[in-house]
Amino acid sequence: MEARKEKERGVRIKTKREERKKDWKKSLKRDKYLIIMILPVIIYYLVFCYFPMTGLWMAFTQYRIGSGLKGLYLSEFVGLKWFQQFFSSVYVWRLVRNTFLLSFYSLIFGFPIPILFAVAVTQVKRKGLQKTIQVSTYLPYFISTVVVCGMINNFLSPSGGIINQLLNKIGIDSINFLSLPEWFRSIYVISGSWQSFGFNSIIFVAAIMGISPDLYEAMRVDGANKRQVIWHLILPGIRPTIILLLIMTLGSMMSVGFEKVYLLYNSAVYETADVIQTYVYRQGIQSNNYSYAAAVGFFNSIVNFTIVFFANRLSRKITDTSIW
């Protein structure tokens, strides 16, 4: 009897496997064009995100430059030596503080602007004017970081910069903004918000457009004014989108844009401008200490993951909205 039951169970399992295989082939044939479209994205993440993770082993070894990929796994294992060296460094507090503050200020001042802009632009009734405003605010996002930093240098130049020219006209002496540590964070945050707010508003505009027109009509019938429509319909309607993007933004709290900081900072402003990414560059590329740089970068990634994990967990408990 038991042997018969085992045989029947084996037949059922085999049948289910065959059915799943047929369903998989059917789905593959049905969605082949969608798979082809998503294939470049998958390849991109495999090549540039997942495959480089093999280099994390470098953070625990005495890697020698020039030994190649094979040498990575044959290098001397040193355990947590590089992590200990980083945490005992005199720069660790400055690096963590600057990285966090630049990201925090960018979040506080940069994250709400696309939301407010999306709400404002969707209230414009003239479609031609609305599209013109949107396109004009999207364009800065596509300007190269090098060009943006060049523009910032020209505008803030102590000799001939437009900002200092305006200051001179009202009786204020020229200020060398990019050589004063107290100005760096403001310059970074303001220029970053200007460059990205238009493009970042696209998702919020799409979320607002997805709100049912019947809800707008119902509020008009109830006598709601524009402010009430925004506060009680639009903002609650896009709240899940806001929360998801906020969580994703928190996941990069310790990942400040390296290119912009590197192009704007100098030794005079290291006190407020030197971040983990620039420190990793100097240690890894300029000093050829790849293992130490890998350890610092690995620490940075762990902090980012921890932040996004707990932010997602907190959001799921409070709002029932989460990434996973």
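The values are calculated or read from the model by the stated rules, or taken from the named source; none is laboratory data. Nothing here was measured: the structure is a model prediction, and the numbers come from that model. All Cβ positions, even for glycine, are placed from backbone atoms using ideal geometry, and neighbour counts span all protein chains on display. For the accessible areas, the whole protein counts, side chains as well, though only heavy atoms, and no ligand, DNA or RNA atoms are used. Shrake-Rupley method; radii C 1.70, N 1.55, O 1.52, S 1.80 Å.
If only one of Ile208, Ile190, Ile172 is touching a Ser or Thr at 6+ places or on another chain (Cβ under 6 Å) and of a type outside the set (D, E, K, R), which one is it? Being touching a Ser or Thr at 6+ places or on another chain (Cβ under 6 Å) and of a type outside the set (D, E, K, R) holds for just one of Ile208, Ile190, Ile172, which is Ile208.
Among the aromatic types (Phe, Trp, Tyr) and open to solvent by 60 Å² or more (accessible area, probe 1.4 Å), is that true of Tyr105? Criteria met by Tyr105. Taking the conditions exactly as written (assigned to a helix (DSSP H, G or I) and surrounded by 13 or more Cβ atoms within 10 Å (Cβ to Cβ)), does Val303 satisfy them or not? In short, yes.
The numbered conditions (1) open to solvent by 50 Å² or more (accessible area, probe 1.4 Å); (2) part of a helix (DSSP H, G or I) are all true for Ala293 except (1).
Cβ separations smaller than 6 Å between residues 6+ apart or across chains give the following pairs from region 207-228 residues that are free of Cβ contacts under 8 Å to residues at least 24 places away in the same chain to residues that are in a helix (DSSP H, G or I) and open to solvent by less than 60 Å² (accessible area, probe 1.4 Å): Leu215/Leu233; Met219/Val229; Met219/Leu233.
Within region 84-192, considering only helices (runs of 4 or more DSSP H) that don't extend past its boundaries, which have at least 1 residues that are touching a Phe, Trp or Tyr at 6+ places or on another chain (Cβ under 9 Å) and of a type in the set (Lys, Arg)?
Here the list reads 92-110.
With respect to the conditions (1) within 27 Å of Trp183 (Cβ to Cβ); (2) open to solvent by 30 Å² or more (accessible area, probe 1.4 Å), Pro140 falls short on a single one, namely (2). Sub-8 Å Cβ pairs linking a first residue in region 165-194 that is touching a residue at least 12 places away in the same chain (Cβ under 8 Å) to a second residue that is among the aromatic types (Phe, Trp, Tyr) and not in a helix (DSSP H, G or I), at least 6 apart or interchain, are Phe184/Tyr265, ordered by first then second residue.
Counting only residues that are over 21 Å from Pro213 (Cβ atoms) and out of contact with any helix residue (DSSP H, G or I) (no Cβ under 7 Å at 6 or more places or on another chain), region 97-127 holds 7 of them.
Over 31 Å from the mean Cα position of the chain (by Cα) and either touching a residue at least 12 places away in the same chain (Cβ under 8 Å) or open to solvent by 30 Å² or more (accessible area, probe 1.4 Å) (or both) - does that describe any residue in region 144-153?
no
Among all residue pairs at least 6 apart or on different chains, which show Cβ distances below 8 Å where the first residue, located in region 309-324, is outside any helix (DSSP H, G or I) and the second is among the polar types (S, T, N, Q)? As it stands, the answer is Thr321/Ser315; Ser322/Asn312; Ser322/Ser315; Ile323/Asn312; Trp324/Asn312, since those pairs meet every condition given. Listed by first and then second residue, the pairs linking a residue in region 265-293 that is under 21 Å from Ser179 (Cβ atoms) to a residue that is open to solvent by 40 Å² or more (accessible area, probe 1.4 Å) and part of a loop (DSSP other than H, G, I, E, B), with Cβ atoms under 6 Å apart and 6 or more places separating them unless they lie on different chains, form an empty list.
The criterion of being within 26 Å of Ser201 (Cα to Cα), open to solvent by 40 Å² or more (accessible area, probe 1.4 Å), basic (Lys, Arg) and within 24 Å of the chain's Cα centre (by Cα) holds for Arg313.
Cβ-Cβ distances below 8 Å connect the following pairs, each with a first residue in region 236-264 that is touching a residue at least 12 places away in the same chain (Cβ under 8 Å) and among the β-branched types (Val, Ile, Thr), a second residue that is part of a helix (DSSP H, G or I) and open to solvent by 50 Å² or more (accessible area, probe 1.4 Å), and a separation of six or more residues or different chains: Thr241/Ile203. So which residues in region 193-217 are open to solvent by 40 Å² or more (accessible area, probe 1.4 Å), assigned to a helix (DSSP H, G or I) and either of a type in the set (Gly, Ala, Ser) or more than 19 Å from Gly110 (Cβ to Cβ) (or both), if there are any at all? Answer for region 193-217, where residues must be open to solvent by 40 Å² or more (accessible area, probe 1.4 Å), assigned to a helix (DSSP H, G or I) and either of a type in the set (Gly, Ala, Ser) or more than 19 Å from Gly110 (Cβ to Cβ) (or both): Ala206, Met209, Pro213, Asp214, Leu215, Tyr216, Glu217.
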